[in-house]
Structure formats: C-alpha cells, structure tokens
1. Restricting to segment 122-175, what's the tally of residues that are closer than 30 Å to Arg250 by Cα, part of a loop (DSSP other than H, G, I, E, B) and either touching a Cys at 6+ places or on another chain (Cβ under 9 Å) or of a type outside the set (A, V, I, L, M) (or both)?
2. If the requirement is being touching a residue at least 40 places away in the same chain (Cβ under 8 Å) and surrounded by fewer than 18 Cβ atoms within 10 Å (Cβ to Cβ), which of these qualifies: Ser94, Ser99?
3. Among all residue pairs at least 6 apart or on different chains, which show Cβ distances below 6 Å where the first residue, located in segment 199-222, is within 17 Å of Gly118 (Cα to Cα) and the second is hydrophobic (A, V, I, L, M, F, W, C) and not in a helix (DSSP H, G or I)?
4. If you take the residues in segment 122-144 that are closer than 16 Å to Ile208 by Cβ and among the aromatic types (Phe, Trp, Tyr), which one is surrounded by the most Cβ atoms within 10 Å (Cβ to Cβ)?
5. Do you know which residues across segment 68-82 are surrounded by fewer than 24 Cβ atoms within 10 Å (Cβ to Cβ) and in contact with a Pro (Cβ under 9 Å, 6 or more places away or on another chain)?
6. Looking at segment 228-240 only, could you name the residues that are without any contact (Cβ under 8 Å) to a residue 12 or more places away in the chain and under 13 Å from Ser99 (Cα atoms)?
7. Thr149 fails exactly one of the following numbered conditions: (1) crowded, with 21+ Cβ neighbours inside 10 Å; (2) within 17 Å of Ile59 (Cβ to Cβ). What is the number of that condition?
8. The conditions are (1) in a helix (DSSP H, G or I); (2) in contact (Cβ under 8 Å) with a residue 60 or more places away in the chain; (3) more than 22 Å from Gly163 (Cα to Cα), and Ala77 fails exactly one of them. Which is it?
Amino acid sequence: MNFYAIRAIYLFELARTWRTLMQSIATPVISTSLYFVVFGSAIGSSMVQIHGIDYAAFIVPGLVMLALLTESISNAAFGIYMPKYSGTIYEVLSAPISSFEIVVGYVGAAATKSVILGLIIMLTARLFVTFEIEHPLWMLLFLVLTAVTFSLFGFIVGIWADGWEKLQIVPALIVTPLTFLGGSFYSISMLPPVWQKITLFNPVVYLISAFRWCFYGVSDVNVAVSLGMTLLFLGGCLAIVFWMFKTGYRLKS
C-alpha cells in the first residue's frame, strides 16, 4: 500500500477546500440555514408534531442528508474531473500507485469534507432548534457511510462527465429531487398507501429514515433494511469504479 501517494492526493484535495472556503462550506451552510428559517420557524410553527417530534426538529436529519449527498457528489466529481480536464490524470495513472489507492485518496478527501460539513450543519441547526441525538455512534456511522458511498458515486459521475455542465446534471436533476421526495420534510407514513409503496423505490428514503432514527429513535423503514440498502449501493459503486479503471473508461482516452 503506497500510503505516501494516498496522503499526497488526500491532502491536495483537502487543501482545495480552504482555497474555496465560501463555495465548499459557507454556501451549503447558509442555504441550509435558510431552510431552517423558512420551513422550521415560519412553516414549522403552524405544523403539528410528527411522531411526537416538533416539525423544526423533525427536518434536521433530512436537511443534513440533503447537504451531505449533494456535497459528497459534487466534491468527488470535481476532484477527479479536474485532472481529466487539465490532462494531469495521465501523470496519476502512470505513477507507481494502484487504482485502489487513487480511489482511496480522492474519495477519502471528498468524504472527509462532507462529514465535516454535515457536523457543521448540525451545529448550525442548534442555533434554530433544540434536538437530541439518541444514538450518536450510529449517527456517526451512517454519516461516514453515506459520505463515502455518495463520494464514490460522485467519483463515477466525474469520470463519466465529458463536460462541465454534466457535473451538475446528476446532483441537480436527480439527487436533489430524490432527497426532497425521500422524506426530508415529511414522514412517508403521511402519504397514501399507494405512494408509500412507490416511495420505497427511492433509495434516499432509506438513508434519511436511518439517519432520523439515529436522532429520535423513529424511522419509516426498518434500520437494518436501510443499512443493507446503503451497503448494497456502496458495493455497486465499488464495482462500477473497478470496471472503469479496468477498462480505462473515459480515463485513458
């Protein structure tokens, strides 16, 4: 294992966070704060409790997940796309470092940034609403697991994209809508029976449900099922990344 190479890629990607502090940290935190003001304070004051939880507190896990998924994909996608765009990816591929070590460096940095952002957003949420975390260790586990999984997904998007506009297609047109429809602002038990079943085809439902369980001990989907679905998606992303490096898909051409 070439730890020196992994460390070099990892630290280089982390350093980009501080060079783009406004975009990487401040923008998502400010955006999430606006959600708390609008949905938590303004709308939440007239909403009934959901599963015995105040509405403003109920939406905290969903908003954290919304930022986590979006930033994980964006950070990882940009991290690998930029070397492709500049041509420096060929130097990385020709260096004495395996594809596994390359993925660990890029995905590890993207996931680290996303986890830090998620923790900052949770601290910010405390300024607007009081909430408790019943299962803090499980919360950290799901936070890290989700960040790694969607950073891998973003890594795939970055390799697939052959233009700057494609980097935004998946987060903007697919992930964000799925997050909004995945129970970020409501419990899927509030939906008609038919729509409850349809919603279960949305993978984000399992992430938000498990994360909300970590906070309040309530969930729309069994936690074990949510964990299994997350691990399944993680395994699928790993398989696709392995195939991309093995075939050189949009990496060597």
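1. Matching residues across segment 122-175 total 4.
2. Numbers: Ser94 fails: touching a residue at least 40 places away in the same chain (Cβ under 8 Å).
Exactly one of Ser94, Ser99 is touching a residue at least 40 places away in the same chain (Cβ under 8 Å) and surrounded by fewer than 18 Cβ atoms within 10 Å (Cβ to Cβ), namely Ser99.
3. Ser209/Val221; Phe215/Ile133
4. That would be Phe142.
5. Correct list: Thr70 only.
6. The one that is without any contact (Cβ under 8 Å) to a residue 12 or more places away in the chain and under 13 Å from Ser99 (Cα atoms): Ala239.
7. Failed condition: (2).
8. (3)
The values are calculated or read from the model by the stated rules, or taken from the named source; none is laboratory data. Keep in mind the model is a prediction, meaning the values are calculated, not measured. Every residue, glycine as well, gets a Cβ built from its backbone with ideal geometry; the counts of neighbours run over all protein chains shown.
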